[in-house]
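I have placed the structure first, in the form of structure tokens, so that the comments after it can refer back to it.
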Amino acid sequence: KAGVTQTPRYLIKTRGQQVTLSCSPISGHRSVSWYQQTPGQGLQFLFEYFSETQRNKGNFPGRFSGRQFSNSRSEMNVSTLELGDSALYLCASSLVRGENTDTQYFGPGTRLTVL
Amino acid sequence: QKEVEQDPGPLSVPEGAIVSLNCTYSNSAFQYFMWYRQYSRKGPELLMYTYSSGNKEDGRFTAQVDKSSKYISLFIRDSQPSDSATYLCAMIPYSGNTPLVFGKGTRLSVIA
């Protein structure tokens, strides 16, 4: 079974630009979560989508947004990039996020560098 | 105080050593506890998860939870160079619609 895939793997942007990252979950998984990982703050939750609906949102500014499509693929968008947005962006998928702690499977991440 | 504290290391041990990795937390509502392993340039992979207090063993790995002390541990027996990675603890207060809260990770190097 194919794992979680994220594209692109690496991205270099300049301040003020916007960026869109893509995540394809494991086949059959309906929940997709996004995390930002930096050396200083570690892994921080951005948002979670289930059946095209945002179910949770972390403490990030409105420049960070996301969506999920009917095939469970998800995108996240960061507008007006700032230097501090340089990070590894991780996507995780799980079968459901319901009654049990469902295992979250992470993708390899997209390394975003903002110059 | 951050909700989850984890010593970032780095921790360097010889091959075959027993490794102890730890996290402390402040939110007494946490009930589900997880350990993830992250190799360089890879995403985290789930190693173990436990519910509430107690021990759980899986091969060379043992996870311990002490809710009274708000302290969790991961032990690695007979450590191997392939165990060299960053280990992240994560926890949630209850199952369902709650995001994982991660520690910052401990970087482990096992020297052959």
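What the table shows:
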| item | result |
| --- | --- |
| Three-way shape call for chain B based on the alpha-carbon gyration tensor, with the a/c threshold at 1.5 | prolate |
| Cross-link partners of A:K13 among aspartates and glutamates (Cα-Cα below 19 Å; sequence separation of 8 or more within a chain) | A:E75, A:E82, A:D85 |
| Semi-axes of the equivalent ellipsoid for chain A, Cα gyration tensor, largest first, Å | 23, 14, 13 |
| Within segment A:1-102, trypsin sites (Lys or Arg not before Pro) in DSSP loop having at most 12 other beta-carbon neighbours inside 10 Å | A:K1, A:R9, A:R15 |
| B:E45 accessible area, 1.4 Å probe, all protein chains in place, Å² to nearest 10 | 70 Å² |
| Contact order relative to length of chain B, as percent, for alpha carbon pairs under 8 angstrom and 6 or more apart | 37 percent |
| Relative counts (whole %) of C-alpha pair distances in segment B:8-61, using bins that are 10 Å wide | 16, 47, 33, 4 |
| Rounded, prolate or oblate (a/c below 1.5 giving rounded, otherwise prolate when a/b exceeds b/c) for the protein assembly as shown by Cα gyration tensor | prolate |
| Among A:Y89, A:Q37, A:T20 - extreme Cα towards positive end, dipole of segment A:1-106, charges at beta-carbon | A:T20 |
| Check: chain A dipole with +1 on Lys, Arg Cβ and -1 on Asp, Glu Cβ, in debye | 200 debye |
| Alpha carbon centroid spacing (whole Å) that separates segment A:8-66 from segment B:51-80 | 30 Å |
| Neighbourhood charge, 13 Å Cβ-Cβ cut-off, centred on A:L21 and excluding it, Lys, Arg +1 and Asp, Glu -1 | +3 |
| Segment B:72-109: chymotrypsin sites (Phe, Trp or Tyr not before Pro) falling in loop per DSSP and having at most 12 other Cβ within 10 Å | B:Y94 |
| Point-charge dipole on Cβ atoms (K/R +1, D/E -1) for chain B, about Cα centre, debye to 20 | 220 debye |
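The values are calculated or read from the model by the stated rules, or taken from the named source; none is laboratory data. Here the structure is a predicted model, which means the values were calculated and not measured. In this analysis, Cβ positions are derived from the backbone assuming ideal geometry, glycine residues included, and neighbour counts consider all displayed protein chains. What goes into the accessible areas is simple: the full protein's heavy atoms, side chains included, and nothing from ligands, DNA or RNA. Shrake-Rupley method; radii C 1.70, N 1.55, O 1.52, S 1.80 Å.
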